[in-house]
Structures are given as C-alpha cells and as structure tokens.
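One structure is given below, encoded as structure tokens.
The values are calculated or read from the model by the stated rules, or taken from the named source; none is laboratory data. On a predicted model such as this, the values are computed, not experimentally measured, just so you know. Here the Cβ positions follow ideal geometry from the backbone for every residue, glycine too, while neighbour counts run over all protein chains shown.
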Amino acid sequence: MYKRQDKAVVALDKGTGKPLWGGGDDQAGYSSAIAFDFGGQRHIVAFTSSGAIGLNAANGSVMWNYTKVSNRTANIATPIYHDGHVFLSSDYGTGCALLKLTAAGERIKATEVYFNREMRNHYGSSVLLDKHLYGFSSGILTSMDLMTGEVAWKDRSVGKGQVILAEGLLYLQGETGTVALAEATPTAYKEISRFEFGRGDYPLWTLPVIAGGRLYLRDQGKLACYKISKA
C-alpha cells in the first residue's frame with residue numbers, strides 16, 4: 001500500500017472512499033486534474049508542484065511529464081485538452097505550452113508544439129472556444145490561437161482577473177471588483193457591458209459561477225446573484 005502523502009494524484013472509490021491507486025512522486029499543485037479519452041484509453045493530466053504529468057487512469061502509472069511550464073512557486077491554472085493536445089500555463093514570469101500526444105505502444109508520448117510567454121495564467125484558467133484561448137496573461141486579457149500560440153489581441157479589460165465562458169460570451173471579473181461581459185471572438189476585444197461588484201479587504205479571487213440562468217459572484221464578505229437569462 002502506498003503512502004498517500006507520497007503521491008501527487010490519488011484515485012478513490014467514489015462510493016467507499018477506498019484508495020485505488022496513487023501516481024506521481026512530486027507534491028501536488030493548486031491545479032485541478034482533468035480526465036479525457038485518447039488512443040482508446042482513459043487518461044489523467046495533472047499540473048503538480050514541479051510540472052505536468054500524464055497518467056493512465058486505470059492504474060495511475062505516469063506515462064509522461066513536462067516541467068518547462070512550471071514556475072516552482074504556484075501552478076494553479078487547469079490544463080486544457082483538445083483534439084490530442086494539452087495546453088498548460090502558469091505565471092510568475094513563466095508562460096504557456098502546447099503538447100501533442102501520440103501513442104507509443106501502450107504508453108503515450110507528449111511532444112512540445114510551442115512554448116511562449118504570451119499567456120501567463122496566474123490564479124485563473126483560460127477558456128477555449130473554436131480553437132482560440134481567452135485568458136488573463138498576468139494582468140492583461142489575451143486571445144490566442146491554441147494550435148499556433150499566435151496572439152490575436154490583448155486588452156486591459158477589467159484588470160487582472162478571471163474569465164468564464166457561456167454561450168459564446170466572456171464573463172470577466174477583475175480582482176478589484178469590476179465585472180464585464182464581452183464577445184468571445186478573435187477579431188478584437190468587444191465589450192458589451194460592465195458594472196461594479198466591489199471588493200472587500202482582499203482581492204476578488206473567487207471564480208464566478210453560472211447556473212440556471214444566473215450569475216453568482218462572491219467575495220469573503222458577500223454573495224450576489226444576477227439574472228442573466230432572457231426568459
């Protein structure tokens with residue numbers, strides 16, 4: 001039996017909580033793991049404290065790792081999988097990378113397509129629509145082609161913050177409390193509206209949530225709900 005604290009990722013039986021496997025020998029990061037199917041297998045990608053690792057979802061064995069995109073301080077943004085590729089990003093002056101996955105027997109090989117410093121996600125993850133990424137590169141909202149790493153546009157928008165995507169629209173939340181709505185298009189930054197939610201004693205880092213036609217915003221002292229559906 002492995003020691004839980006010795007593994008970066010663990011799998012648990014959702015009904016009993018029983019440990020099934022542990023994978024990766026480095027420490028966990030702040031990023032959430034993602035699961036996807038590729039090459040007839042189920043895979044897990046986790047962005048740990050020292051880099052990204054790809055694991056076999058059946059047994060937790062590590063199939064590949066990539067450390068260039070790790071900042072060694074706080075890897076936070078969630079990886080993005082699309083069409084046999086994995087996108088990773090971190091801040092603290094680091095950057096982003098796109099990896100191409102290929103089958104190598106029973107294992108998977110990850111090859112770097114590009115690495116650049118155009119998208120440096122700090123505490124918020126990018127979102128993907130029609131092969132274009134939208135995310136905050138440190139404090140600047142950036143649109144970037146996923147497959148090439150080419151920047152479509154940059155805009156200071158709401159300042160440093162977070163973005164979520166719904167029905168082709170970007171919901172933008174700045175850490176100072178400014179909230180904006182913009183089109184998700186690579187042609188230019190096209191803002192539709194904005195308002196001030198405000199902030200308390202600390203920067204607004206809580207991710208916005210959309211559910212049931214409503215937008216939920218929260219800081220450490222208040223929770224607000226806004227109707228955004230047309231019905």
By residue number, the members of the range 32-51 that are touching a residue at least 60 places away in the same chain (Cβ under 8 Å) and not in a strand (DSSP E or B) are 39
Of those in the range 81-114 that are in contact (Cβ under 8 Å) with a residue 24 or more places away in the chain and of a type in the set (D, E, K, R), the residue nearest to residue 134 (Cα to Cα) is 91
Going through the range 123-132 in order, the residues found to be of a type outside the set (Gly, Ala, Ser) and either within 19 Å of residue 92 (Cβ to Cβ) or at pLDDT below 95 (or both) are 123
Filtering the range 180-231 down to residues that are of a type in the set (S, T, N, Q) and either closer than 14 Å to residue 161 by Cβ or touching a Gly at 6+ places or on another chain (Cβ under 8 Å) (or both) yields 206, 220, 229
Looking across the range 148-176 at residues that are without any contact (Cβ under 8 Å) to a residue 40 or more places away in the chain and among the small types (Gly, Ala, Ser), the single one that is surrounded by the fewest Cβ atoms within 10 Å (Cβ to Cβ) is 168
Cβ pairs under 7 Å, 6+ apart or interchain, first in the range 6-23 and without any contact (Cβ under 8 Å) to a residue 40 or more places away in the chain, second among the polar types (S, T, N, Q), ordered by first then second residue, are 21/59; 23/61
Restricting the range 110-134 to residues that are of a type outside the set (A, V, I, L, M) and closer than 16 Å to residue 187 by Cα, the one surrounded by the most Cβ atoms within 10 Å (Cβ to Cβ) turns out to be 134
Kindly indicate whether residue 94 is at pLDDT 95 or above and over 24 Å from residue 119 (Cβ atoms).
no
Here the residues within the range 193-211 that are among the small types (Gly, Ala, Ser) and touching a residue at least 12 places away in the same chain (Cβ under 8 Å) are 193, 198, 200
Exercise for the section: Test residue 35 against the stated conditions and say whether it is surrounded by fewer than 19 Cβ atoms within 10 Å (Cβ to Cβ) and either hydrophobic (A, V, I, L, M, F, W, C) or closer than 14 Å to residue 107 by Cβ (or both). Expected result: yes
- Task: Using the structure shown, decide if residue 216 is in contact with a Phe, Trp or Tyr (Cβ under 9 Å, 6 or more places away or on another chain) and closer than 26 Å to residue 150 by Cβ.
- Result: no
Exception for residue 15 within (1) surrounded by fewer than 20 Cβ atoms within 10 Å (Cβ to Cβ); (2) of a type outside the set (D, E, K, R); (3) within 17 Å of the chain's Cα centre (by Cα) falls at (3)
Filtering the range 151-173 down to residues that are in a loop (DSSP other than H, G, I, E, B), under 17 Å from residue 195 (Cβ atoms) and in contact with an Asp or Glu (Cβ under 8 Å, 6 or more places away or on another chain) yields 157, 159
Those residues of the range 212-227 that are closer than 18 Å to residue 170 by Cβ and without any contact (Cβ under 8 Å) to a residue 40 or more places away in the chain come to a total of 4
Within the range 38-63, the count of residues that are hydrophobic (A, V, I, L, M, F, W, C), buried (at least 19 other Cβ atoms within 10 Å of the Cβ) and either on the phi > 0 side of the Ramachandran plot or in contact with a Leu (Cβ under 9 Å, 6 or more places away or on another chain) (or both) comes to 6
Of the conditions (1) surrounded by fewer than 22 Cβ atoms within 10 Å (Cβ to Cβ); (2) farther than 27 Å from residue 56 by Cβ, the single one that residue 137 does not satisfy is (1)
